[in-house]
1. Please work out if Arg53 is basic (Lys, Arg), within 19 Å of Ser327 (Cβ to Cβ) and surrounded by 13 or more Cβ atoms within 10 Å (Cβ to Cβ).
2. With Thr51, Thr84 as the choices, which residue is part of a loop (DSSP other than H, G, I, E, B), within 30 Å of Val222 (Cβ to Cβ), polar (S, T, N, Q) and without any contact (Cβ under 8 Å) to a residue 40 or more places away in the chain?
3. State all residues of the stretch 221-244 that are among the hydroxyl-bearing types (Ser, Thr, Tyr) and either at pLDDT 95 or above or surrounded by fewer than 22 Cβ atoms within 10 Å (Cβ to Cβ) (or both); if no residue qualifies, say none.
4. Which ones in the stretch 213-241 are over 11 Å from the mean Cα position of the chain (by Cα) and more than 22 Å from Thr84 (Cβ to Cβ)?
5. Given the condition part of a helix (DSSP H, G or I), farther than 26 Å from Val318 by Cα and of a type in the set (S, T, N, Q), answer yes or no: does some residue in the stretch 199-213 qualify?
6. Provide a single number: the residues in the stretch 235-287 that are closer than 15 Å to Val304 by Cα and either without any contact (Cβ under 8 Å) to a residue 12 or more places away in the chain or not hydrophobic (A, V, I, L, M, F, W, C) (or both).
7. Within the stretch 117-138, restricting attention to residues that are part of a helix (DSSP H, G or I) and among the hydrophobic types (A, V, I, L, M, F, W, C), which residue is surrounded by the most Cβ atoms within 10 Å (Cβ to Cβ)?
8. When only residues in the stretch 245-295 that are assigned to a loop (DSSP other than H, G, I, E, B), among the β-branched types (Val, Ile, Thr) and at pLDDT 95 or above count, which is surrounded by the fewest Cβ atoms within 10 Å (Cβ to Cβ)?
Amino acid sequence: MAADSSAKSLPAPGWYPVPGRDRDTTVERHWDGEVWTDEVRTAPVGSSLATYRRHFWGFVRNGNWKLLLVLILTLAGAAALWGTDRKADLVGGIQILAVPLAAAATFVTMVAFLRFIGRRVGFDRIPAETRREIVKWGIASGVLAFALAFAVEFFLPRVFGDNLKDDPGWSVLDGPAEETGKLLLPVILWFRGRFRLPRQGYLLVLVSAATVAVMEGTEYAVQPEIYQPMRPVLEIMHPLLTGFVAAVAWQAAWHRKSIFTAAAVGAWVLAMAAHSTNDVIVLSHHVDGSIARMTNFVSIAVIVLMYLLQKHSARQMVPPDKVGEVSPRWRPVAGPG
């Protein structure tokens, strides 16, 4: 277990400065060693937080330019190959190369998102050995979730003599099937006493969702008829949807000693509803061309909404020693933010 000592420790429980409700003042908020509590008190006179310095080219700093370059190349390559036969039911010939390129583009998108979240909530504070275990279980969870969702979405319509391709209304099943599937193994592990710390459970679910995203991005690339050039990037919806649920559920469980709380169930229902709404509209595009131009706007709207909701909850895990480093909207504001 020597590798565990490589992780930077979280600050000790205590009172630390955070922005006040109006964001212009500084107060002290209680940190329990894992997340922020609701306890707030007046900060000493003269207390202030570091001024956030926004870097115009911040998205390419710290090696991110490499991920951006790979993403552009793989997206462009997959799109060019897809363009050789956009109406094909199944890839063939040289177009087969679009599949690994789309898979790579989706994978890079997921890595970039995990790095983005990790730099804010401090995934590097999780011991290295534990992080490796989380990644293994997260991948296993994602594979299981994809298999369960495929079984529900593919076979259930056929029980009623129908199929998703002819009736996109069946995609209403996507939300319940996929959002439940991605959480199933993490919740089982919680009951077994594994990864109960909010930061650990959050990362576990994000890896699970990212795994599903990569598998789904690959699946779409196999079928040019339903593929979209930006599909690998839009797969970010998976960790945004389920990550929101995890950020709420694991923090609520930390305080209430149960993974099934009103907050967790509410977040889960909201994620399912957003997922199903998006998929019903997007998949209807392939039947009704009159709403084709709406589909990308709907997906972008859902992505923005789920990012904002996830940030609102996940910022309660930002360690005290990083509050001055993160952007103002990621700081754990005391009181309703």
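1. Criteria not met by Arg53.
2. Result of the check over Thr51, Thr84: Thr84.
3. Within the stretch 221-244, just Thr242 meets the criteria.
4. Those that are over 11 Å from the mean Cα position of the chain (by Cα) and more than 22 Å from Thr84 (Cβ to Cβ): Val214, Met215, Glu216.
5. The answer is no, given that none of the residues of the stretch 199-213 is part of a helix (DSSP H, G or I), farther than 26 Å from Val318 by Cα and of a type in the set (S, T, N, Q).
6. The qualifying residues number 8.
7. Ile134
8. The residue in question is Thr261.
The values are calculated or read from the model by the stated rules, or taken from the named source; none is laboratory data. This is a predicted model, so every value here is computed, not measured. Cβ coordinates were reconstructed from backbone atoms using ideal geometry, including for glycine residues, and neighbour counts include every protein chain displayed.
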